[in-house]
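The values are calculated or read from the model by the stated rules, or taken from the named source; none is laboratory data. Note that this is a predicted model, so its numbers are computed, not measured. Cβ atoms come from the backbone with ideal geometry, glycine included; neighbour counts cover every protein chain shown.
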Amino acid sequence: MYRDRKGNYRKKPKNIFAKKRESAYGIFIQNSKVLLVKSNWIDVWEFPGGGKEPNESLFDALKREFLEETGFEVKEFKKNPIFVINTKFYADDLDEYFDSQMNFFIITKLGKQNKKLINNIEIVDLQNIPLFKLNKKNMNDIHLNVLNLIKNGRS
C-alpha cells in the first residue's frame, strides 16, 4: 500500500511502475523547541523538507527544501542522516507512485530568515514548537517517530 500526503492509503495498480524518490528533511532543535511546518494539504506539523530534483545532490535538496519552506538558509548540518526510512509514497498531486527513501538530517546552524523566500502556496504555518506539545494528533506520524527516537537518545 502507498501512502499519500494526507496519510491515506492507496493500492498501486499492477500496471503502474513505482519510481524511485529520495527526500531530505531537516531537524532543527533549539531550547527544547523544534522548527516545524504545516503544508496546505494536511493539518499536522512536519519537518521541513521534500523530494530531491533530478541531478541534485541530497545535501542540495535539503538546503533548497529547508529554505523554500522556512526562509532559513542551512549553514551547518550533520552530513550523515540520523535516520533513513524507506516508504511507499503516492503523490496525489502528480498521480505517481514512488518507492521513497526519506533521509533525516540534524541541522546545527541556520542563517537569518528571509520570509519572502517561503513558498506560501505550499506552507501555511511555521513555528518553533516545544517538544512536549507534539503528539499523534498534531504531528506527522513518521516524523513524530523520528523525533521520539531523537528524544530517547537513539540518534
Practice task
Out of the residues in the range 64-95 that are among the polar types (S, T, N, Q) and without any contact (Cβ under 8 Å) to a residue 60 or more places away in the chain, state the one that is nearest to LYS151 (Cα to Cα).
Solution key: ASN80
Fill in the blank from the handout: Scanning the range 47-60 for residues that are within 14 Å of ILE106 (Cα to Cα) and in contact with a strand residue (DSSP E or B) (Cβ under 6 Å, 6 or more places away or on another chain), the one surrounded by the fewest Cβ atoms within 10 Å (Cβ to Cβ) turns out to be LEU58
Exercise for the section: May I ask you to list the residues in the range 98-122 that are among the aliphatic types (A, V, I, L, M), over 16 Å from VAL74 (Cα atoms) and surrounded by fewer than 18 Cβ atoms within 10 Å (Cβ to Cβ)? Expected result: ILE121
Problem - the range 80-103, residues that are part of a loop (DSSP other than H, G, I, E, B) and either within 10 Å of TYR2 (Cα to Cα) or hydrophobic (A, V, I, L, M, F, W, C) (or both) - result: ILE82, LEU94
Exercise for the section: For LYS14, indicate whether it is in a strand (DSSP E or B) and surrounded by fewer than 13 Cβ atoms within 10 Å (Cβ to Cβ). Expected result: no
Practice task
Identify, by number, the condition in (1) exposed (fewer than 11 other Cβ atoms within 10 Å of the Cβ); (2) polar (S, T, N, Q); (3) within 23 Å of LYS12 (Cα to Cα) that ASN80 doesn't meet.
Solution key: (3)
Practice task
Looking only at the range 58-71, decide whether some residue is polar (S, T, N, Q) and closer than 13 Å to TYR25 by Cα.
Solution key: yes
Exercise for the section: Say whether the condition of being crowded, with 20+ Cβ neighbours inside 10 Å, charged (D, E, K, R) and within 15 Å of the chain's Cα centre (by Cα) is met by at least one residue in the range 125-137. Expected result: no
Handout entry: Residues located in the range 117-155, provided they are in a helix (DSSP H, G or I), touching a Leu at 6+ places or on another chain (Cβ under 8 Å) and of a type in the set (Lys, Arg)
Key = LYS151
Exercise for the section: Sort through ARG64, ARG21, ARG5 and tell me the only one that's in a loop (DSSP other than H, G, I, E, B), surrounded by 15 or more Cβ atoms within 10 Å (Cβ to Cβ) and either of a type outside the set (Asp, Glu) or in contact with a strand residue (DSSP E or B) (Cβ under 8 Å, 6 or more places away or on another chain) (or both). Expected result: ARG5
Handout entry: Single residue of the range 141-155 satisfying the filter (under 12 Å from the mean Cα position of the chain (by Cα) and modelled with pLDDT under 95) that is surrounded by the most Cβ atoms within 10 Å (Cβ to Cβ)
Key = ILE142
Problem - Selection from the range 67-76 of residues that are within 16 Å of ASN103 (Cβ to Cβ) and either in contact with a helix residue (DSSP H, G or I) (Cβ under 7 Å, 6 or more places away or on another chain) or surrounded by fewer than 21 Cβ atoms within 10 Å (Cβ to Cβ) (or both) - result: VAL74
Handout entry: Pair list, Cβ under 6 Å, 6 or more apart: the range 19-32 residue of a type in the set (Phe, Trp, Tyr), other residue assigned to a strand (DSSP E or B)
Key = TYR25/GLY49; TYR25/PHE104; PHE28/LEU35; PHE28/ILE107
